[in-house]
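To keep things clear, I will list the structure first and then write my remarks on it.
The values are calculated or read from the model by the stated rules, or taken from the named source; none is laboratory data. Everything quoted here is computed from the prediction, not taken from an experiment. No Cβ is skipped: glycine too gets one built from the backbone with ideal geometry, and neighbour counts run over all protein chains shown. With ligands, DNA and RNA removed, areas are computed over all heavy atoms of the protein, side chains included. Shrake-Rupley method; radii C 1.70, N 1.55, O 1.52, S 1.80 Å.
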Amino acid sequence: MPPSAKHRGSLYFSWGYNRDWYSRSDIRFQNQKTDNYDFTFVNAHASDHPSMSDFWKFKSLTIPQYDATLGYMFNDRHDLGIEVSWNHLKYVVDDNQIIHVRGNIRGRYIDKDTLVTPDFVHLQHTNGNNYLMVNLVKRQKLIVGKHLQLSAIGKIGGGPMISYTISTIFGSHQEGPFHYHGWVVGTSAGLKFDIYKYFFLQGDVQGAFADYTNTWIGADKVGRVTHVFTSAQAIYSFGFNVPL
């Protein structure tokens, strides 16, 4: 390459949707200021909520579980890039499941399997279980044609969770607002199919570890929920490249 030649990078933006699967989680509920409880759901099960019934309506684009990404590829010999991604997942602790509950509830000790109904506790991060991540991106070109290109894409990154929780505990209901709930780290692998340099389709599988440390519960927002879990995410997206 001549000394005067320079690599030129490219910006890209993608939009897509996802399906999610979660590990079981021990979920701790605490409030010893305006109420009197400190108990844990042991090995609770949660599900996603795709909400894909009307995604084709423009005003409903952000109702389903979606992913938005803005990034920059350096197009150097290492073929690295950096991006900021917003993964809008949804996490719903399944209602009416039998969970082992352990701890103290208003002066009474409990340590038994319990049917957890919404009248007792309901918890969902559905607006959502949001991962705001900064990722290092590695691209490996597999097939390069005149107008088409197939690449393997790997990512690793992390960041805060800016989530919105809807919850009820002992009849005390609370919704939102968006705020810092904790942090997440993750890695992903996928395939990217570039079309005429400017457009692309991409599919990824992402694994992440989420640590919720600051979730509010109860109408007065004094109660706290803490839990950790892992998630698996299947993402399908389309996007645009902007060569610089």
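Somewhere in segment 109-117, is a residue open to solvent by less than 50 Å² (accessible area, probe 1.4 Å), outside any strand (DSSP E or B) and either modelled with pLDDT under 95 or at positive phi (or both)?
So in segment 109-117, the residues open to solvent by less than 50 Å² (accessible area, probe 1.4 Å) come out as 110, 114, 116-117.
So of that shortlist, the ones also outside any strand (DSSP E or B) come out as 117.
This time we only want the ones that are either modelled with pLDDT under 95 or at positive phi (or both), so: none.
No; the residues of segment 109-117 include none that is open to solvent by less than 50 Å² (accessible area, probe 1.4 Å), outside any strand (DSSP E or B) and either modelled with pLDDT under 95 or at positive phi (or both).
Of all residues in segment 24-54, those satisfying the criterion of being open to solvent by 40 Å² or more (accessible area, probe 1.4 Å), out of contact with any Gly (no Cβ under 8 Å at 6 or more places or on another chain), of a type in the set (S, T, N, Q) and assigned to a loop (DSSP other than H, G, I, E, B) are Gln32, Ser53. The lone criterion from (1) under 15 Å from the mean Cα position of the chain (by Cα); (2) open to solvent by less than 50 Å² (accessible area, probe 1.4 Å) left unmet by Asn241 is number (1). When Ala68 is tested against (1) out of contact with any strand residue (DSSP E or B) (no Cβ under 6 Å at 6 or more places or on another chain); (2) small (Gly, Ala, Ser); (3) closer than 22 Å to Ile156 by Cα, just one condition goes unmet, and that condition is (1).
For segment 125-139, which residues satisfy the criterion of being closer than 8 Å to Ile156 by Cα and either in contact with a Pro (Cβ under 6 Å, 6 or more places away or on another chain) or open to solvent by less than 20 Å² (accessible area, probe 1.4 Å) (or both)?
The first filter runs over segment 125-139 and keeps only residues closer than 8 Å to Ile156 by Cα, leaving 135-137.
Hits for segment 125-139 are Asn135, Val137.
Six or more apart or on different chains, Cβ atoms under 6 Å: show the pairs whose first residue is in segment 127-146 and farther than 30 Å from Val93 by Cα and whose second is assigned to a loop (DSSP other than H, G, I, E, B) and open to solvent by less than 100 Å² (accessible area, probe 1.4 Å). These pairs meet every condition: Arg139/Asp79. Selection of segment 184-206 for residues being under 13 Å from Lys155 (Cβ atoms), open to solvent by 30 Å² or more (accessible area, probe 1.4 Å) and either within 14 Å of the chain's Cα centre (by Cα) or at pLDDT below 95 (or both) yields Val185, Thr187, Val205. Considering every residue within segment 89-105, establish whether at least one is surrounded by 17 or more Cβ atoms within 10 Å (Cβ to Cβ) and more than 30 Å from Pro118 (Cβ to Cβ). Looking for residues that are surrounded by 17 or more Cβ atoms within 10 Å (Cβ to Cβ) and more than 30 Å from Pro118 (Cβ to Cβ), one finds none in segment 89-105, hence no.
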